[in-house]
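K.L.:
I have a structure here, written as structure tokens, and I will follow up with some questions on it.
The values are calculated or read from the model by the stated rules, or taken from the named source; none is laboratory data. Computed from a predicted model, the values in this text were never measured in an experiment. All Cβ positions, glycine included, derive from the backbone under ideal geometry; neighbour counts span all protein chains shown.
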């Protein structure tokens with residue numbers, strides 16, 4: 001299970017942020033994507049599940065370049 005605060009890196013291994021939220025429905029075992037925080041005042045960026053690569057404890061690798069990651073939309077949290 002991916003946890004908040006884990007390091008997120010681009011396809012070249014450069015850190016682009018940290019996990020802010022895992023998106024999906026754990027009850028139905030559905031993984032939709034990740035909200036990745038890039039700084040204190042910036043809104044997290046939404047990374048679709050298909051762009052998430054290897055996941056190891058404390059570390060998530062994306063299948064995106066840093067430039068592609070920076071073009072992703074901000075994640076707007078929905079109602080809880």
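K.L.:
How many residues are at positive phi and surrounded by 10 or more Cβ atoms within 10 Å (Cβ to Cβ) if we restrict to the range 18-42?
P.N.:
Residues meeting the conditions: 2.
K.L.:
Among the numbered conditions (1) over 16 Å from residue 4 (Cα atoms); (2) modelled with pLDDT of 95 or more; (3) touching a helix residue (DSSP H, G or I) at 6+ places or on another chain (Cβ under 9 Å), tell me where residue 36 comes up short.
P.N.:
(1)
K.L.:
Still on this structure, please answer the following. Filter the range 50-68 down to residues that are surrounded by 10 or more Cβ atoms within 10 Å (Cβ to Cβ) and within 15 Å of residue 3 (Cα to Cα), then give me how many there are. Before the answer, list the steps.
P.N.:
Residues of the range 50-68 surrounded by 10 or more Cβ atoms within 10 Å (Cβ to Cβ): 51-55, 58-66, 68.
From the residues that got through so far, the ones that are within 15 Å of residue 3 (Cα to Cα) too are 52, 54-55, 58-61.
So the answer is 7.
K.L.:
Moving on to the next point. Taking the residues in the range 69-80 that are surrounded by 13 or more Cβ atoms within 10 Å (Cβ to Cβ) and either touching a helix residue (DSSP H, G or I) at 6+ places or on another chain (Cβ under 8 Å) or modelled with pLDDT under 95 (or both) as candidates, determine which candidate is farthest from residue 15 (Cα to Cα).
P.N.:
So, considering only residues that are surrounded by 13 or more Cβ atoms within 10 Å (Cβ to Cβ) and either touching a helix residue (DSSP H, G or I) at 6+ places or on another chain (Cβ under 8 Å) or modelled with pLDDT under 95 (or both), the one farthest from residue 15 (Cα to Cα) is 75.
Rundown of residues vs (1) under 15 Å from residue 74 (Cα atoms); (2) in contact (Cβ under 8 Å) with a residue 24 or more places away in the chain; (3) within 8 Å of the chain's Cα centre (by Cα), yes/no style:
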{"position": "20", "(1), (2), (3)": "yes, yes, yes"}
{"position": "26", "(1), (2), (3)": "no, no, no"}
{"position": "29", "(1), (2), (3)": "no, no, no"}
{"position": "34", "(1), (2), (3)": "yes, yes, yes"}
{"position": "43", "(1), (2), (3)": "yes, yes, no"}
{"position": "54", "(1), (2), (3)": "no, no, no"}
{"position": "58", "(1), (2), (3)": "no, yes, no"}
{"position": "61", "(1), (2), (3)": "no, yes, no"}
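K.L.:
With the requirement that a residue be assigned to a strand (DSSP E or B) and in contact (Cβ under 8 Å) with a residue 24 or more places away in the chain, what does the range 8-18 give you?
P.N.:
Across the range 8-18, the qualifying residues are 8, 9, 16, 17.
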